[in-house]
1. Distance from the Cα centre of the range 229-283 to that of the range 570-600, in angstrom?
2. Can you list the residues, at least 5 places off or on another chain, whose amide H is less than 5 Å from the amide H of I98, using H built in the peptide plane?
3. Could you work out how far apart the two model spin labels at I321 and N505 are, taking each label as a point 7 Å from the Cα in the direction of the beta carbon, and quote it in nm?
4. Using a Förster distance of 51 angstrom, determine the FRET efficiency expected from the C-beta separation of E643 and S424, and round it to 0.05.
5. How high is the FRET efficiency from K415 to T570, r the C-beta distance, R0 51 Å, rounded to 0.05?
6. Sorted by mean Cβ packing within 10 Å, highest first, what order do the peptides 527-536, 131-140 take?
7. Using a cut-off of 25 Å between alpha-carbon atoms, which lysines can reach K41, once sequence neighbours fewer than 8 places away in the same chain are excluded?
8. Apply the Karplus parameterisation 6.51 cos²θ - 1.76 cosθ + 1.60, with θ equal to phi minus 60°, to every residue of the range 361-374 and state each ³J(HN,Hα) to the nearest whole Hz, in sequence, with x for glycine and proline.
Amino acid sequence: MRYLLSCLLSLVFFSAFSKVEVIDIDQQPYENIGRKVGILKDKDALMTLQQVMKLDQAGQFRPSTSEILNFGNTKSAFWIKVSYLAPVKDEAYLIADIPNIEQIDCYVLRKDGGVLQMHSGSLSPPEKGVTATNSYRFLLPDQLRSEGPQTLYLRIKSNNIMLLPLKLVNSDRLLEDSSKLQLESVYIGVILSLFLFNLFLFFSLGDKTYLYYSLYLFFLFAYVVLYLRGYSYLFGYQFRTWFNLYPHIFHSLSAISAILFSRKFLNLRVTAPSWLKVYNFAFALCLIELVISALGYKSLAASCAQNLGFIETAVLVVTGIVLWRKGLRAARYYIYAWAIMAATIFIFTLSLGNVLVTKDYSFHLLPIGSTVELLLLAFALGDRYRSLMVSERKAKDENFKMIRNHNENLERVVKERTIRLNESIAKLEASNEMKNKLFSIVAHDLRSPFNSLVSIFTLSDMDMLSLEELKELLNASRKNIDEIHHTLDNLLYWAASQMESSGSNFSVFDLKATVEGLLPVYEPLAAYKAIVLKVVTQEVGMVEADQNQVQLILRNLIDNAIKFTPRKGTIHLRLTKEGDQVRIGIQNPVIDPQVIDLEALRSTHSQISTPGTADERGIGLGLQLCHEFARMNGRKLEVKLEENEIEFYFFLRSSE
């Protein structure tokens, strides 16, 4: 008795629990009927229709709680029970609104006890009564509404994730499904446009970044559009069958293309070489998925694709952020693109895992997310190209500026070297001229006086000369001796001044005493022309200079003054103190001021040799030495001409 009571209660409970809502097709909108059907799991996928019907009678079907049925990734088969009222006059359709279910069997029970079976799926050939596009539309047999509720069973099995949006509508409701086609048309148009444009850029620019991006577009388009959205049917049954056997080959190839694109876009070898190991690891995972898919393990490949998609996009986002923080401005849109893709994959994964409720728009997440991602990657490429153009333009400007500066430097160097070369040539010419002059001096100016002296000392009749006659002869030769001494002195000082190691040896000495010490040497020469040497001096004290160089300046200036002063003239030697300087001036009259060339006298390189008023001769080195030594002692030699008086003067630093 207790056993019968338990059975009765179980029967009542399961009958209530397994009750399936009857769907009135004429009243049913174009919506999913997931909550109105019953579900039975066939764990080993071996049940027959008769076994399923017995289990249905035993109340084994459980009602669904989701609008879109989600059976996960399993090898089991699932049976779905649908009860409905036939439409009054229109045709009725059962629509499995998903393209990648491999096996779908529809069993419609007739009132006469017969069964109408229709078979379809992504791996099945076309069959009468079933329209297989990117969904599967089963045409239900005509039945009278008055016959009451009808029952059909749907069996599905697939080696991948099984999501099943199921709809039951009449022919009038079919026209309401236009928005999905419009959205997918936009998606396909954007993908094809981007693909062709970037392929053109690759062939135009030769940049492999555009090639990898184009390959990523192609393989992602194949996976999302031809597999997930089911448009592989457009290429025929054979292609559709092959494509649905190995769809994840295209997913792995799109992932590989994304890695290659990112490596090239971010220039990881230069910007972040340490991240290459991470990218190589992700590349290896993609190859593993490729091999698994190629071997036909579709269910395992689907799990790999689900996990790998999220891992890869996360790595790409993190890499972009790291490089953006390092200053890679072109990574901005790149980060946005992969962040949106990662978020899309994450939300879609949660929907597949029943963490989030699956809706019709869930199937559009990947197409919409990938479209936005691809557009942002196109923006990133454009931004990168703009940055490259700016960098290239900047580099060109810098190169142009560098070349211009280099040319200017070359011109300046050439100009400086030309000036130095001209100076060297001038010095060589002057040196050559001086060499010729020195030979002339040795050959004539020194040889002639020496010959005169030699002739005196070699007279054969020297004993016949009286003492007075001999004195007169020697006094006449003194002029020659003085000329030789003065010439040799200037030659020696000039030679010393031409040596690079020569310099000034400064000391403190009494200038007035130095001048007074020189006068006795020149008084006989002055007396010969009846010239008066007059010293006009103040208390100038001590000076700091090279005493030998100052003496040479004074000797040459006094000698020149005697040479060019007419007979009975007066030469003034003036020593005056002006502040912390002592002025030394030697002034003498001249016969004709008009013939004096002041510019030549002021020139530091002039070598003037002009005969004196008594036809005295020189070699032209004296004035040049005066200029040189005056400069070495702190100031230059100045010349002043007033009426018929000329004055040479220079300054020395006082030590007091």
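Coordinate-derived values only; no laboratory data. Bear in mind the structure is a predicted one, so any value in this text is a computation, not a measurement. Quick reminder, even Gly has a Cβ in these numbers, built from the backbone with ideal geometry, and neighbours come from all protein chains shown.
1. 100
2. Answer set, sorted by chain and number: Y136.
3. 8.3
4. Given R0 = 51 Å and the Cβ-Cβ separation, E is 0.75.
5. 0.50
6. Those peptides, ordered most packed to least, come out 131-140, 527-536.
7. Within the straight-line limit of under 25 Å, K41 reaches these lysines: K19, K54, K75, K81, K157, K167, K298, K359.
8. Result, ordered by residue: 5, 4, 6, 9, 4, 5, x, 5, x, 5, 5, 4, 4, 5 Hz.
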